[in-house]
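Chemist: Just dropping this structure here.
The values are calculated or read from the model by the stated rules, or taken from the named source; none is laboratory data. On a predicted model such as this, the values are computed, not experimentally measured, just so you know. Reconstructed Cβ throughout: ideal geometry from the backbone, glycine too, with neighbour counts over all protein chains shown. When the accessible area is computed, the model is the full protein with side chains, heavy atoms only, and any ligands, DNA or RNA have been set aside. Shrake-Rupley method; radii C 1.70, N 1.55, O 1.52, S 1.80 Å.
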Amino acid sequence: MHRFGKLAVLSACSRKFESRGAYRLSPWLHANSFCTNTKNLDQIHDEEEQGEAEHHEELRPATVEELHAQCAELTKTTEDAKRELAYALAEIENTRKISRKDVQNAREYALKNFAKDMVECLDNLDRALGLMPVEVQDKSHPLHSICQGIIMTSSAFSKSFSKHGLEKMEITAKETEFDPHMHDALFQEYTSELPSGVVYSVLKSGYLYHGRVLRAAEVGVTCEPAE
């Protein structure tokens, strides 16, 4: 709207209000109000023109270079999001594996100390059997029943151990090679009859608990004699 058109509208509105008796404006107040309203209309008109220009700027078709730049930015954002998602999923899976392993280890080795104590009991039974004289095998011997009771108890211990993952190490004297991870060498036997590094004798049996060494076997190891 042109300025003269705005002035005409304001003048008409002023006369209409005056004719109805709504209010009377002094010449000075009327002129001042008229100028103020004119300025406000000019400002509104300028803001409308600026808004239309910005709107037309937004509706302007993007150039090929701008489209390529936007596509590259979106592709980079997508790749970053995929990478972060893959890292998060891998972290979650690792946490699950570690948790399952911890739970399994807790179940398998919760009774480890108890198993060590029970192994000592079985050792005492084996020592008792080792001290029994050969005559005990005779049914008429007074200690025969006691010997049979010890044998039955030892056998029951062994079956129970095997059922719960506790196994005795298979070691054959003068045949099994020495393994530092499973055997404790208490002494060396110098001999030329056997190669060096062979278990010469077993002083105390070793045990495995779910495949891990619960107690290493105490053995003597062969060694080449000094020249």
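Chemist: Go through LEU131, LEU122 and list them by solvent-accessible area, largest first, probe radius 1.4 Å. Present the calculation step by step, with values, prior to reporting the outcome.
Modeler: Values: LEU131 150, LEU122 5 Å².
Sorted descending by solvent-accessible area, the residues read LEU131, LEU122.
Chemist: Here is a further query. Just to verify a number: FRET efficiency for THR172 and SER192, C-beta to C-beta distance, R0 = 22 Å, to 0.05?
Modeler: Approximately 0.65, to the nearest 0.05.
Chemist: Then there's this: Can you classify the range 140-224 as rounded, prolate or oblate using the Cα gyration tensor, where a ≥ b ≥ c are the square roots of its eigenvalues, rounded means a/c under 1.5, and otherwise it's prolate if a/b beats b/c and oblate if not?
Modeler: Values: a/c = 3.52, a/b = 1.53, b/c = 2.30.
Because a/c hits 1.5 or more and a/b fails to exceed b/c, the range 140-224 counts as oblate.
Chemist: Something else now. Set the bar at 24 Å for Cα to Cα. Now go through LYS116/LYS174; LYS101/LYS163; LYS139/LYS204 and name every pair that lies beyond it. Please list the in-between numbers first.
Modeler: Working: LYS116/LYS174 27 Å; LYS101/LYS163 22 Å; LYS139/LYS204 30 Å.
The answer is LYS116/LYS174; LYS139/LYS204.
Chemist: Okay, moving on. Could you work out how far apart the two model spin labels at THR75 and LEU208 are, taking each label as a point 7 Å from the Cα in the direction of the beta carbon, and quote it in nm?
Modeler: Those two pseudo-labels are separated by 5.6 nm.
Chemist: Using a Förster radius of 25 Å, what is the FRET efficiency between ASP184 and ALA226 based on their Cβ-Cβ separation? Nearest 0.05, please. Intermediate values should be presented prior to the final figure.
Modeler: On the way: r = 23 Å, r/R0 = 0.93.
That gives a FRET efficiency of 0.60.
Chemist: Let me ask something additional. Which order do you get for ARG107, ARG127 if you rank them by accessible area with a 1.4 Å probe, largest at the top? Walk me through the numbers on the way to the answer.
Modeler: Working: ARG107 190, ARG127 115 Å².
Listed by decreasing accessible area, they come as ARG107, ARG127.
Chemist: Moving on to the next point. Could you sort 204-212, 77-85 so that the peptide with the highest average Cβ count within 10 Å comes first and the rest follow in order? Each step should come with its number before you reach the end.
Modeler: Working: 204-212: 16.6, 77-85: 10.0.
Output ranking for 204-212, 77-85: 204-212, 77-85.
Chemist: How large is the charge dipole for the range 179-227, taken about the Cα centre, if only the Cβ atoms of Lys, Arg (+1) and Asp, Glu (-1) carry charge, to the nearest 20 debye?
Modeler: On the way: 3 positive and 7 negative charges, 85 e Å.
In total the dipole reaches around 400 debye.
Chemist: Enter the accessible area of CYS71 (Å², nearest 10), with the probe set to 1.4 Å and all protein chains included.
Modeler: 80
Chemist: With each label point set 7 Å from Cα along the Cα-Cβ vector, what nm distance links LYS82 and LEU131?
Modeler: 7.6
Chemist: Right, something else. Rank LEU89, ALA106, THR77 by how far each Cα sits towards the positive end of the charge dipole of the range 60-107 (+1 on Lys, Arg Cβ; -1 on Asp, Glu Cβ) and give me just the farthest.
Modeler: Of LEU89, ALA106, THR77, it is ALA106.
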